[in-house]
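A.B. asks: First the structure, then my questions, so here it is.
The values are calculated or read from the model by the stated rules, or taken from the named source; none is laboratory data. Only a predicted model underlies this, so the values are computations on that prediction, with no experimental measurement involved. Don't worry about glycine lacking a Cβ; one is built from the backbone with ideal geometry, like all the others, and counts go over all protein chains shown.
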Amino acid sequence: MKKDKISVIVSCYNEEASLPYFYKEITTVASEMKEIDFEFMFVNDGSKDKTLEVIKDLAKKDNRVRFISFSRNFGKEAAMYAGLENVTGDYITLMDADLQDPPSMLPEMFRLIKEEGYDSVGTRRVSRKGEPPIRSFFARCFYKIINKMSKVEMVDGARDYRLMTKQVVDSIISLKEYNRYSKGLFSFVGFETKWLEYENVERVAGESKWSFWKLFKYAIEGIVAFTTLPLSIAAVIGVLMCLIAFIAIIVIIVKTLILGDPVGGWPSMVCILLFVSGIQLLCMGIIGQYLAKTYLETKKRPIYIVKETEKDIEK
Ligand code: UDP
Ligand code: MG
C-alpha cells in the first residue's frame with residue numbers, strides 16, 4: 001500500500017535564527033511518525049537575511065526539503081498560497097517557522113483526520129500570554145465585530161496552523177482572490193473542522209513581523225473581504241441623517257412663522273455642518289475601501305512571483 005504523505009508548509013520571512021530549531025523539531029516529529037512520508041516546503045518570502053542560504057543548506061542534505069523563494073516580500077498570505085499550490089502530499093499542514101505552532105501536535109492532528117474522519121484540524125490559542133495587553137484587547141474586539149457582521153465564522157485565537165486533506169486544500173486554492181484573508185477562506189470553504197486548543201508559546205528566536213499598524217490593516221482587510229455590511233451601514237446613516245434634517249426643517253419653518261426670524265444659532269450650525277460632513281467623508285472612505293479592493297482584484301496580478309526553487313540548485 002502507498003504510504004500517506006504529509007506536506008509541511010513553512011512561510012519564512014527573516015527566520016535565519018529560528019529555522020535550525022524548527023528543522024530539528026519537525027524532523028524529530030517526522031521520525032516518530034514512521035508510517036508516513038514527509039515533505040517540507042519552505043517558502044522564502046523575500047527575506048533580507050540569510051534565510052535562503054539556511055534553507056538551501058537543509059535542501060542539500062535532506063531530499064525531503066523543498067523550497068520556493070519569492071522575488072520580494074509578498075506577505076504571509078501569498079507565501080501560504082504558494083506553498084498550498086505546489087505541495088504534493090495527501091495531507092497538508094501550515095506552520096510558522098518560529099515554533100509558535102508546536103510540531104508536536106501533528107500526530108494528534110493526523111489521528112483526528114485519519115481515524116475520526118475530520119477533513120481539517122485547526123488550532124486556536126486559548127491564551128494570549130506574552131502579547132501586549134492592548135493588542136489582545138483590540139484582537140478580541142475585532143473578532144466580536146467581524147463575527148457580528150460576517151456570515152463566515154472567524155474563530156477567536158485561531159492560528160493559521162492546521163492540517164488539511166488534499167480535498168480541502170484544492171478548494172482553498174480554487175479561491176484565486178488577490179486580497180487573501182486566510183482565516184476567512186478556511187472557514188468559507190466549509191468541511192468538517194476540529195479545533196484543538198493550546199496555550200500560546202513564545203517564539204524561539206527572532207522577532208514578530210507584525211506591528212500594530214500591520215495588524216490593523218490586516219483586520220480592515222478581513223472585514224472588507226468577508227462582509228459588505230459597512231456599505232449598508234453607510235446607506236442607513238445617510239437615510240437617518242435625511243430624516244433628521246427633514247424634521248429639523250419643519251421645526252425651523254414653524255418656529256420662524258411663529259417667532260419671526262431672529263438671527264442666531266451659528267455655533268450650532270457649524271457643529272452640525274462639521275458633524276454631517278464628517279459622516280460623509282467616513283462613508284466615502286468606506287466605499288473607497290471596497291473600491292480599492294475591487295480595483296486590485298480586477299488587475300489580476302499574480303499573488304506571488306518565484307525567483308528560484310529547489311530544482312535550481314544541484315544537490
Ligand atoms: N511571515 C512571512 N511573511 C511576512 C511576515 C511573516 O512569511 O511578510 C512568516 C514568518 O516568517 C513566520 C510567520 O509568517 O513564520 C508568522 O510570523 P510572525 O511570527 O512574525 O507572526 P506572529 O506569530 O507574531 O503573529
Ligand atoms: Mg510567530
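A.B. asks: Considering each residue of segment 269-308, count those that are touching a Ser or Thr at 6+ places or on another chain (Cβ under 9 Å) and on the phi > 0 side of the Ramachandran plot, and give that number. Spell out how you get there, then give the answer.
C.D. replies: Restricting attention to segment 269-308, the residues satisfying the condition of being touching a Ser or Thr at 6+ places or on another chain (Cβ under 9 Å) are 290, 304-308.
Then drop every residue that is not on the phi > 0 side of the Ramachandran plot, which leaves none.
Number of matching residues: 0.
A.B. asks: Another question, then. So, in segment 112-131, exactly how many residues are more than 14 Å from ligand 2 (Cβ to nearest atom) and either surrounded by fewer than 13 Cβ atoms within 10 Å (Cβ to Cβ) or of a type in the set (S, T, N, Q) (or both)?
C.D. replies: The first filter runs over segment 112-131 and keeps only residues more than 14 Å from ligand 2 (Cβ to nearest atom), leaving 112-122, 124, 126-127.
Adding the requirement that they be either surrounded by fewer than 13 Cβ atoms within 10 Å (Cβ to Cβ) or of a type in the set (S, T, N, Q) (or both) leaves 115-117, 120, 126-127.
Number satisfying all stated conditions: 6.
A.B. asks: Going residue by residue through segment 290-303, is there one that turns out to be within 30 Å of N63 (Cβ to Cβ) and away from ligand 2 (no atom under 16 Å from the Cβ)? Steps first, please.
C.D. replies: Quick first cut of segment 290-303, residues within 30 Å of N63 (Cβ to Cβ) only: 302-303.
With the extra rule that they be away from ligand 2 (no atom under 16 Å from the Cβ), the set shrinks to 302-303.
Yes.
A.B. asks: Could you please give the count of residues in segment 91-105 that are out of contact with any helix residue (DSSP H, G or I) (no Cβ under 7 Å at 6 or more places or on another chain) and either within 15 Å of ligand 2 (Cβ to nearest atom) or under 18 Å from E16 (Cα atoms) (or both)?
C.D. replies: Selection size over segment 91-105: 5.
A.B. asks: To continue, here is another question. Any idea which of E177, E108 is more than 15 Å from ligand 1 (Cβ to nearest atom), over 18 Å from F38 (Cα atoms) and acidic (D, E)?
C.D. replies: One residue alone meets the criteria, E177.
A.B. asks: Out of all the residues in segment 91-104, which are away from ligand 1 (no atom under 12 Å from the Cβ) and either surrounded by fewer than 18 Cβ atoms within 10 Å (Cβ to Cβ) or within 21 Å of F212 (Cβ to Cβ) (or both)?
C.D. replies: Of everything in segment 91-104, those that are away from ligand 1 (no atom under 12 Å from the Cβ) and either surrounded by fewer than 18 Cβ atoms within 10 Å (Cβ to Cβ) or within 21 Å of F212 (Cβ to Cβ) (or both) turn out to be P102, S104.
A.B. asks: I would also like to ask the following. Within segment 1-12, restricting attention to residues that are of a type outside the set (G, A, S) and buried (at least 21 other Cβ atoms within 10 Å of the Cβ), which residue is nearest to ligand 1 (Cβ to nearest atom)?
C.D. replies: Residue satisfying both the conditions and the ranking: C12.
A.B. asks: Working only within segment 290-315, note down all residues that are farther than 15 Å from A78 by Cβ and touching an Asp or Glu at 6+ places or on another chain (Cβ under 9 Å).
C.D. replies: Selection gives K293 alone.
A.B. asks: Let me ask another. Under 8 Å by Cβ, and 6 or more places apart or on different chains, what pairs join a residue from segment 204-221 that is farther than 15 Å from G75 by Cβ with one that is more than 10 Å from ligand 1 (Cβ to nearest atom) and among the acidic types (D, E)?
C.D. replies: Partner pairs satisfying both residue conditions: G206/E16.
A.B. asks: Would you point out the residue of segment 75-90, among those that are more than 16 Å from ligand 2 (Cβ to nearest atom) and buried (at least 20 other Cβ atoms within 10 Å of the Cβ), that is farthest from V169 (Cα to Cα)?
C.D. replies: Looking at residues that are more than 16 Å from ligand 2 (Cβ to nearest atom) and buried (at least 20 other Cβ atoms within 10 Å of the Cβ), I get A78.
A.B. asks: For segment 186-211, enumerate the residues that are on the phi > 0 side of the Ramachandran plot and away from ligand 1 (no atom under 14 Å from the Cβ).
C.D. replies: G190, F191
A.B. asks: Please identify the pairs in which a residue from segment 96-123 that is under 11 Å from I26 (Cα atoms) has its Cβ atom under 8 Å from the Cβ atom of a residue that is more than 16 Å from ligand 1 (Cβ to nearest atom) and not in a helix (DSSP H, G or I), counting only partners at least 6 apart or on another chain.
C.D. replies: Sorted first by the residue in segment 96-123, then by its partner, the pairs are M105/L196; L106/I6; L106/M33; L106/L163.
A.B. asks: Identify the residue in segment 197-229 that is within 14 Å of ligand 2 (Cβ to nearest atom) and aliphatic (A, V, I, L, M) and, among all such residues, is modelled with the highest pLDDT.
C.D. replies: Checked segment 197-229; the qualifying residue modelled with the highest pLDDT is L215.
A.B. asks: Looking at A248, is it among the hydrophobic types (A, V, I, L, M, F, W, C) and surrounded by 13 or more Cβ atoms within 10 Å (Cβ to Cβ)?
C.D. replies: Against the criterion (among the hydrophobic types (A, V, I, L, M, F, W, C) and surrounded by 13 or more Cβ atoms within 10 Å (Cβ to Cβ)), A248 does not qualify.
A.B. asks: Next up: From the list E15, E85, E32, pick out the single residue that is in contact (Cβ under 8 Å) with a residue 60 or more places away in the chain, near ligand 1 (Cβ under 10 Å from one of its atoms) and of a type in the set (D, E).
C.D. replies: Going through E15, E85, E32 in turn, the sole match is E15.
This table checks each residue for (1) part of a loop (DSSP other than H, G, I, E, B); (2) within 17 Å of the chain's Cα centre (by Cα); (3) closer than 22 Å to Q289 by Cα.
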{"residue": "N179", "(1), (2), (3)": "yes, yes, yes"}
{"residue": "K183", "(1), (2), (3)": "no, yes, yes"}
{"residue": "F191", "(1), (2), (3)": "yes, no, no"}
{"residue": "E202", "(1), (2), (3)": "yes, no, no"}
{"residue": "F216", "(1), (2), (3)": "no, yes, yes"}
{"residue": "I220", "(1), (2), (3)": "no, yes, yes"}
